[in-house]
Amino acid sequence: MSKTPEPAARDEREADLSRRSFLKGAGGAAAGAAFVQGAQATQEAAVADPEAGVRILSGATEIEMSVNGEARKVTVEPRTTLLSVLRTRLEPALTGTKEVCDNGNCGACTVLVDGKPVYSCLQLAVTVQGRPVTTIEGFGKPDQLSAVQEAFCANDGLMCGFCTPGFVVATEAALAKHSNPDADTIRHELAGNLCRCGTYDGVFKAVAEASAVRRGGAK
Amino acid sequence: MDSFSLSLPTSLDEAIARLPEDVFDSSVQLMAGGQDLLTELKGYLTAPDEVVSLGGVPGLDSIQPHTNGTIAIGALVTLDALEADGALPPALRAIVEAASSIASPQIRSVGTVGGNLNQRPRCWYYRHEAAPCLKKGGAVCFAKDGKNKYNAIFGGGPSYIVHPSDLAPALVALNADVLLTGPGGQRRMSLEDYYYLPREGPVAFETRRAANEVLTSVEVPVASPTTSSTYLKFKERSSYDWALSSVAMALDMEKGVVRSASIVLGGVAPKPWRARAAEALLVGKRMDEVDELAVAKAALEGAEPLSDNAYKVPLTEGLVRRAFRSLS
Amino acid sequence: MSANKSNRRADPAWKPRSEMKLINTAMRRVDGPDKVTGRAMYSADMRLPNMVYARLVLLQVPRAVVEKIDVSRALEVEGCVLAQPYVEAGTEVLYSGDDSVVAYVAAETEEAAEDAARAVRLTLMPGPVLVTRLQSLAPGAAEVTSDGNVGRLREQGDEEDAVLGLSESDVLIEETYELPIQHHLCLETHGCVVDYDGEQATVYASTQAVTSNQGEFAQLLDLPSDKVRIVTEHMGGGFGAKFGAGVEGGIACTIAKQLKRPVHLLLDRPQEFQMGGNRSGTHARVKAGATADGTLRVIQAEVDRLGGVGGGSFPGLPYIYEAEARHVKDRSVHTASDSSRAMRAPGHPQASFIMESVMDELAYGLAMDPLEFRKRNLGDDVWHRHLDTVAQEIGWAAHPNKTAAGAPDDDGMAEGIGFAVATWGAGGRRGAECEVRLNPDGSVTSSCAVQDLGTGARTYVAAIPAEEFGLPLDAVTARIGDSSLPPGVGSGGSVTTGSVAPAVKAAAHGAREAMEKRLAEAIPGDVDGFVWADGRVRSTGGADFDVSFREACAMLGTQPVAVTAGHDRSLQARGQLHGAQAVRVRVDTWTGRVQVVKMVAIQDQGLPMNRMALESQIKGGMIQALSYGLLEERVFDNEHGWLLTDNMETYRVAGTKEIPELVAIIDDEDDRPVTGMAEAPVIPGQSALSNAIYNACGARLRAVPFTPDRVLAALGLLS
């Protein structure tokens, strides 16, 4: 893939004060960013480097993913995140997974990959090919809630609801790992999810209740 | 994030062949779990033409005891695997505690040992794209006279970052080595030497890894059963944060006497900071005759705080005391 | 009550709480299942055919002349369909915030929009950096705006009285208190999706004011209001930040008009921090005095409201307390950052922190129990009762340090308790209307344009008619968040419930009376009245009548009953809200760590609609306050003006491990009718937390948040 060469020297003020100064890499050679690379990249397809035998993905590439048990074909670039695929590239889109921080800080985009909780904003979609992805839509439905979802409703573990899908998925992962988590374990396993309305107390109760239900105990 | 091509080598040799020779050539970047790299890409802190994913390289994801008395932890071992019961012997508890303290379950599911050791700093200026800081090729370390609450009190200058890894102090305290493989084969060095201070080398980087080398594993000597270790980390937000300060401590004690001690501080310097003067106050002493406060003071001796981070001195002293108490 | 053919009518009234089956019970939210399964559609989730993704371009420095804006390279990005300057070349951007928007783009995909936004080239001439109070107040400082750097002076009380009061006090304090700028941090960022075809538009807006947005967007789209529909089925938080369309809404409309395609424009997270709203900071120099008998003699203060280019909020001192004399001056000190917006109880947490700190410092100065000192200076008995309640729940009686701070144990740990009180106004406002409709097939809808910010409005819009007709909650469908429905009110100042619930009640009442009239006409013979209970309706005398609700509706034939009613002031609470909170902390005096162990709140709230949602609201307030107290602070680089806390790593909010045991007590002695109350419980938490830290170990924190650097400094451990 080629990049448009950047002018070596730019207006100083521009270099320092433009909205995001386009420093490239850690090496200190402060070259500018390539602005039209996307246009070129999408013309290219996945190619195998004949010399190295290494598979190289470049530009628009069709990949097959397993989402909630269904095989889905989708066109992505190497840089496309799993979150972006779910929310904007799948047809129909799976918008239950939320974008909040887009930086791996908040947990609203949590999905399961290979059964483990991950931030879908920090996963390149191409790297989850062949690995099962489970999103919030892959658990219960409104008229057929999972034990976790049921417990969130019963304990008011939600207010505005924007963090809720992430919390539900993280809880499913936590309970897969710990069948009977104590209060500290619940806090530890959900520490990657943030809520702004302040529903944590309801969430903690919901997790405890769901774990009891899943163990076969009464509520 | 800018576009890049992604190469998916299936062997270490293939991966290494794709890497540049020049350390200042950032056009190709390695990715393990990608949990740090993706934030760098999203923040436009780096914009490589090519990202080389190690995900398809076999043999890097296991924890294996060696006959030579070490345990090899592959670079692609995920952080949650270190947390798992029985993954490591009890004497290496500091590693487990460090792993467990990192970020969040979602990050630990994906983030790797290699990635954690090689992650880039969290300094607010380094991470803010608008700030053309020293580490990004600029002329100024803005933290020095700017908002430096989270920056270094030891080893600073000309850059004042702190190294963000939690595993690093724990592994240094347990005398781990790193194994690096490049075009010329494998080399080994102590993890302590793997990191360098900004004044000791190119300010843009933190480690001695050559651009075309891959960190393949960490080897930790299996400490004697009389050793106990701990990692105490202070996070401003307990739920999910990097260390404001941390202490890794390992003590080998026999009949109440300290045979060897290592104390390594995290979050206070551009590399894991070994507190040798404090260690010296412990070795040969009976635990009940140790002056815990003196050890703590010795650990922080020589600190040179910036305008907003003098608090790290008493805070870290406190952590040293707590770590010592938890091992006694 | 009667419903015979003479059609006598009664005024609507809430029935006794003891007779209620749904209201004042713990109900599940009706939209819970949609939210926990990811089916709930937020504005950010809208995916319309042919939709473009739009993005704003913001300056990263607070002030600069934009000499040149070049969008040509943006237009070269594949997938980019539009790239335009928002300001003319030569414009001076004055502050970091919505003024920072200089260009915008639209593209076929989110990635292309981001690429295009980055490809916009700017040539800037930077201006002075004025991001701190001291920079703005420095002699010779440049003006933030043409209005100058200081404004909106207010003065309360009398200076001579205050000076006399200080001379007559037995204990005096003179201290400075500081609160930082904090953010709403709505998880769904500001923005909307505009679906416009040239003649009409539907705007999916993340707004807390559906009804008033209709006119605003109509203007932006040059359409008559009746051609614009605002839809807010669900929204990811507001907290006071999301009333108007904003610059982002205006640009979305501009793009929509130009392209005649649906436009998706939601701010990204750094932009949300830069222009999505904030709570004003505060700097207060205070002198106060008390007499030996525990009377707050005087408070004198000079308060700077730090609301960026806005005025900031401050309700005055001695806030909730009573002082014999006061002299309080406050003014706004402008910095080159976005105007503060209404944020959950605007100004009150700030005043609370200052005043509750003062009260604590004076109490300990007199060696008095701070709980007792508070009660002596609070006029209204409700607060006395509230303080006693939280004191009991937190374990004050058994606590060792009552009149002086405690000391750490051998392990360096110290435990303490602190208190603070809350207030807000009760009630609602006129304008809200609701339609309750009973269909012949037995389905019931309750409709009001009001939005549900996560407070549970949708649930009581259904529950009130369900209660009226003796139906289960799921028998009524609430239709909300749509400007084509009867008008709602903006959700600000805790007025939503006090405005909307009475309208729903009046409509339900009216629908019942209308229904009873129709039934009475259909039943042979006279009927004295009807009772609606357990899904059935029966006569209370006269002709014998006892059918299921569905059978009764079937008697309507083909014509439904639909009644629209407006706000009824007799159905809402009036006066003042009260509350008190207590916090128990453990302080690690070696490291400065503050661990909140337990928080207790009591809150009065009139007639609770949904006890479970109410408890969540109170706890939500407590948690936000804890988060302000421990973590939150907006930070700019002082030299260059970069907003360093423009992401959720550096702007920290509380996560699971910060959350203590929480006890929320609903004050059932408050027998007033309905009111909202969401502002009140966010007010006292950080104040009580600070006081608990002092009580534990003698570290007085006079600046928020109470991070370890400040705790260690207050303990005298910094050399």
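The values are calculated or read from the model by the stated rules, or taken from the named source; none is laboratory data. As the structure is a computational prediction, the values presented were derived from the model and not from experiment. Note: ideal-geometry Cβ built from the backbone for every residue, glycine included; neighbour counts use all protein chains shown.
How about the range C:648-665: which of its residues are within 8 Å of chain B (Cβ to nearest Cβ), over 20 Å from the mean Cα position of the chain (by Cα) and in a loop (DSSP other than H, G, I, E, B)?
Matches in the range C:648-665: C:649, C:650.
For residue C:527, indicate whether it is among the β-branched types (Val, Ile, Thr) and closer than 22 Å to residue C:232 by Cβ.
On the way: among the β-branched types (Val, Ile, Thr): yes; closer than 22 Å to residue C:232 by Cβ: no.
Considered against the rule, which asks whether it is among the β-branched types (Val, Ile, Thr) and closer than 22 Å to residue C:232 by Cβ, residue C:527 comes out as no.
So which residues in the range C:360-389 are farther than 22 Å from residue C:299 by Cα, in contact with a helix residue (DSSP H, G or I) (Cβ under 9 Å, 6 or more places away or on another chain) and crowded, with 21+ Cβ neighbours inside 10 Å, if there are any at all? Step through it out loud before you land on a result.
As a first pass, look at the range C:360-389 and keep what is farther than 22 Å from residue C:299 by Cα: C:381-382, C:385-389.
With in contact with a helix residue (DSSP H, G or I) (Cβ under 9 Å, 6 or more places away or on another chain) added as a condition, the list becomes C:387-388.
Correct list: C:387 only.
Within the range C:702-719, take every residue that is β-branched (Val, Ile, Thr) and within 28 Å of the chain's Cα centre (by Cα) and give me the one that is surrounded by the most Cβ atoms within 10 Å (Cβ to Cβ).
Going through the range C:702-719, the residues β-branched (Val, Ile, Thr) turn out to be C:704, C:707, C:711.
Narrowing the set further to residues that are within 28 Å of the chain's Cα centre (by Cα) leaves C:704, C:707.
On the way: C:704: 27, C:707: 24.
The selected residue is C:704.
Name the one entry in A:172, A:150, A:189 that is within 9 Å of another protein chain (Cβ to nearest Cβ), over 24 Å from residue C:652 (Cβ atoms) and at pLDDT 95 or above. I'd like the intermediate steps shown before the answer.
Details: A:172 fails: within 9 Å of another protein chain (Cβ to nearest Cβ); A:189 fails: over 24 Å from residue C:652 (Cβ atoms).
From the options A:172, A:150, A:189, the qualifying one is A:150.
Could you please find all residues in the range C:115-155 being in a strand (DSSP E or B) and aliphatic (A, V, I, L, M)?
Here is the first cut: in the range C:115-155, the residues in a strand (DSSP E or B) are C:121-126, C:150-155.
Hits for the range C:115-155 are C:122, C:124, C:125, C:150, C:153.
Among the candidates C:256, C:252, C:292, C:325, single out the residue that is surrounded by 24 or more Cβ atoms within 10 Å (Cβ to Cβ) and either within 30 Å of residue C:162 (Cα to Cα) or under 26 Å from the mean Cα position of the chain (by Cα) (or both).
Numbers: C:256 fails: either within 30 Å of residue C:162 (Cα to Cα) or under 26 Å from the mean Cα position of the chain (by Cα) (or both); C:292 fails: surrounded by 24 or more Cβ atoms within 10 Å (Cβ to Cβ); C:325 fails: surrounded by 24 or more Cβ atoms within 10 Å (Cβ to Cβ).
Just one listed residue meets the conditions, C:252.
Can you name every residue in the range B:165-180 that is in contact with a helix residue (DSSP H, G or I) (Cβ under 9 Å, 6 or more places away or on another chain) and either surrounded by fewer than 19 Cβ atoms within 10 Å (Cβ to Cβ) or within 14 Å of chain A (Cβ to nearest Cβ) (or both)? Talk me through it step by step, then tell me what you get.
Here is the first cut: in the range B:165-180, the ones in contact with a helix residue (DSSP H, G or I) (Cβ under 9 Å, 6 or more places away or on another chain) are B:165-178, B:180.
B:175, the sole residue that qualifies.
Those residues that are assigned to a loop (DSSP other than H, G, I, E, B) and basic (Lys, Arg), I need them from the range B:303-328; list them, please. Before you say what the answer is, go through the steps one by one.
Going through the range B:303-328, the residues assigned to a loop (DSSP other than H, G, I, E, B) turn out to be B:303-311, B:328.
None - no residue of the range B:303-328 is assigned to a loop (DSSP other than H, G, I, E, B) and basic (Lys, Arg), so the list stays empty.
Of everything in the range A:190-211, what is in a helix (DSSP H, G or I) and of a type outside the set (D, E, K, R)? Give them in sequence order. Show your work before the answer.
Quick first cut of the range A:190-211, residues in a helix (DSSP H, G or I) only: A:200-211.
Residues satisfying the conditions are A:200, A:202, A:203, A:204, A:206, A:207, A:208, A:210, A:211.
So that you can scan it fast, the table gives a plain yes or no per residue for (1) modelled with pLDDT under 95; (2) out of contact with any Ser or Thr (no Cβ under 8 Å at 6 or more places or on another chain); (3) surrounded by fewer than 24 Cβ atoms within 10 Å (Cβ to Cβ):
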{"position": "C:657", "(1), (2), (3)": "no, no, yes"}
{"position": "C:661", "(1), (2), (3)": "no, yes, yes"}
{"position": "C:669", "(1), (2), (3)": "no, yes, yes"}
{"position": "C:672", "(1), (2), (3)": "no, yes, yes"}
{"position": "C:692", "(1), (2), (3)": "no, yes, no"}
{"position": "C:696", "(1), (2), (3)": "no, yes, no"}
{"position": "C:700", "(1), (2), (3)": "no, no, yes"}
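Could you list all residues from the range A:153-169 that are within 7 Å of another protein chain (Cβ to nearest Cβ) and of a type in the set (A, V, I, L, M)? First the steps, then the outcome.
Looking only at the range A:153-169, we keep the residues that are within 7 Å of another protein chain (Cβ to nearest Cβ), and these are A:153-154, A:156, A:158-165, A:168.
Of everything in the range A:153-169, those that are within 7 Å of another protein chain (Cβ to nearest Cβ) and of a type in the set (A, V, I, L, M) turn out to be A:154, A:158, A:159, A:168.
Condition first: in contact with a Leu (Cβ under 8 Å, 6 or more places away or on another chain) and either surrounded by fewer than 24 Cβ atoms within 10 Å (Cβ to Cβ) or within 7 Å of another protein chain (Cβ to nearest Cβ) (or both). Now tell me which residues in the range A:104-118 satisfy that. Full working, then the answer.
Filtering the range A:104-118 for residues in contact with a Leu (Cβ under 8 Å, 6 or more places away or on another chain) gives A:104-109, A:111, A:113, A:118.
Of everything in the range A:104-118, those that are in contact with a Leu (Cβ under 8 Å, 6 or more places away or on another chain) and either surrounded by fewer than 24 Cβ atoms within 10 Å (Cβ to Cβ) or within 7 Å of another protein chain (Cβ to nearest Cβ) (or both) turn out to be A:104, A:105, A:106, A:107, A:108, A:113, A:118.
Counting just the residues of the range C:144-162 that are exposed (fewer than 14 other Cβ atoms within 10 Å of the Cβ) and more than 32 Å from the chain's Cα centre (by Cα), which one comes out farthest from residue C:178 (Cα to Cα)?
Checking each candidate, the answer is C:160.
Only one residue in A:209, A:172 is more than 25 Å from residue C:455 (Cα to Cα), surrounded by 17 or more Cβ atoms within 10 Å (Cβ to Cβ) and of a type in the set (D, E, K, R). Which one?
Numbers: A:209 fails: more than 25 Å from residue C:455 (Cα to Cα).
Within the list A:209, A:172, the selection yields A:172.
May I ask you to verify whether residue B:271 is within 20 Å of the chain's Cα centre (by Cα), surrounded by 24 or more Cβ atoms within 10 Å (Cβ to Cβ), basic (Lys, Arg) and assigned to a strand (DSSP E or B)?
Numbers: within 20 Å of the chain's Cα centre (by Cα): yes; surrounded by 24 or more Cβ atoms within 10 Å (Cβ to Cβ): yes; basic (Lys, Arg): yes; assigned to a strand (DSSP E or B): no.
Against the criterion (within 20 Å of the chain's Cα centre (by Cα), surrounded by 24 or more Cβ atoms within 10 Å (Cβ to Cβ), basic (Lys, Arg) and assigned to a strand (DSSP E or B)), residue B:271 does not qualify.
Just checking, which of C:248, C:272 is within 18 Å of residue C:113 (Cβ to Cβ) and more than 14 Å from chain A (Cβ to nearest Cβ)? First the steps, then the outcome.
Working: C:272 fails: more than 14 Å from chain A (Cβ to nearest Cβ).
After applying the criteria, what remains is C:248.
Out of the range A:119-147, which residues are of a type outside the set (D, E, K, R), without any contact (Cβ under 8 Å) to a residue 12 or more places away in the chain and within 8 Å of another protein chain (Cβ to nearest Cβ)?
Within the range A:119-147, A:127, A:140, A:142, A:145 meet the criteria.
Which strands (runs of 3 or more DSSP E) does the range C:367-466 wholly contain that include 3 or more residues that are farther than 30 Å from residue C:519 by Cα and either among the aliphatic types (A, V, I, L, M) or in contact (Cβ under 8 Å) with a residue 60 or more places away in the chain (or both)? If you could, list the steps in order and put the result at the bottom.
On the way: elements: C:413-425, C:433-438, C:444-447.
Of the strands (runs of 3 or more DSSP E) lying wholly inside the range C:367-466, those with at least 3 residues that are farther than 30 Å from residue C:519 by Cα and either among the aliphatic types (A, V, I, L, M) or in contact (Cβ under 8 Å) with a residue 60 or more places away in the chain (or both) span C:413-425.
What is the residue count in the range C:295-320 for residues that are surrounded by fewer than 24 Cβ atoms within 10 Å (Cβ to Cβ), in contact (Cβ under 8 Å) with a residue 60 or more places away in the chain and polar (S, T, N, Q)?
1
Being closer than 24 Å to residue C:578 by Cα and either touching a helix residue (DSSP H, G or I) at 6+ places or on another chain (Cβ under 7 Å) or surrounded by fewer than 21 Cβ atoms within 10 Å (Cβ to Cβ) (or both) is the requirement here; does residue C:633 meet it?
Working: closer than 24 Å to residue C:578 by Cα: no; either touching a helix residue (DSSP H, G or I) at 6+ places or on another chain (Cβ under 7 Å) or surrounded by fewer than 21 Cβ atoms within 10 Å (Cβ to Cβ) (or both): yes.
So residue C:633 does not fit the description; no.
Kindly list the number of the only condition in (1) in contact (Cβ under 8 Å) with a residue 24 or more places away in the chain; (2) more than 10 Å from chain A (Cβ to nearest Cβ) that fails for residue C:88.
Here residue C:88 meets the rest and fails (1).
Return yes when residue B:279 is within 14 Å of chain C (Cβ to nearest Cβ), more than 23 Å from residue B:116 (Cβ to Cβ) and among the charged types (D, E, K, R) and no when it is not.
no
Could you list all residues from the range A:184-206 that are more than 20 Å from residue B:99 (Cα to Cα) and surrounded by fewer than 22 Cβ atoms within 10 Å (Cβ to Cβ)? Walk me through it before giving the result.
Our first condition is that a residue be more than 20 Å from residue B:99 (Cα to Cα); within the range A:184-206, this holds for A:194-206.
Answer for the range A:184-206, where residues must be more than 20 Å from residue B:99 (Cα to Cα) and surrounded by fewer than 22 Cβ atoms within 10 Å (Cβ to Cβ): A:204, A:205.
Restricting to the range C:225-245, name every residue that is away from chain A (no Cβ under 14 Å), touching a residue at least 60 places away in the same chain (Cβ under 8 Å) and in contact with a Leu (Cβ under 9 Å, 6 or more places away or on another chain).
Step one: of the range C:225-245, the residues away from chain A (no Cβ under 14 Å) are C:225-231, C:243-245.
Next, from what is left, pick out any that are touching a residue at least 60 places away in the same chain (Cβ under 8 Å): C:228-231, C:243.
Once the filter is applied, which keeps residues that are away from chain A (no Cβ under 14 Å), touching a residue at least 60 places away in the same chain (Cβ under 8 Å) and in contact with a Leu (Cβ under 9 Å, 6 or more places away or on another chain), the range C:225-245 yields only C:228.
Which residue out of C:131, C:163 is β-branched (Val, Ile, Thr), in contact with a Ser or Thr (Cβ under 6 Å, 6 or more places away or on another chain) and more than 14 Å from chain A (Cβ to nearest Cβ)? Quick ask: steps written out before the conclusion?
Numbers: C:163 fails: in contact with a Ser or Thr (Cβ under 6 Å, 6 or more places away or on another chain).
Every option except C:131 fails the conditions.
Got a sec? Which of A:8, A:33, A:45, A:93 is facing another protein chain (nearest Cβ under 7 Å) and modelled with pLDDT under 95? Can you show your working first?
On the way: A:8 fails: facing another protein chain (nearest Cβ under 7 Å); A:45 fails: facing another protein chain (nearest Cβ under 7 Å); A:93 fails: modelled with pLDDT under 95.
That would be A:33, the only listed residue that is facing another protein chain (nearest Cβ under 7 Å) and modelled with pLDDT under 95.
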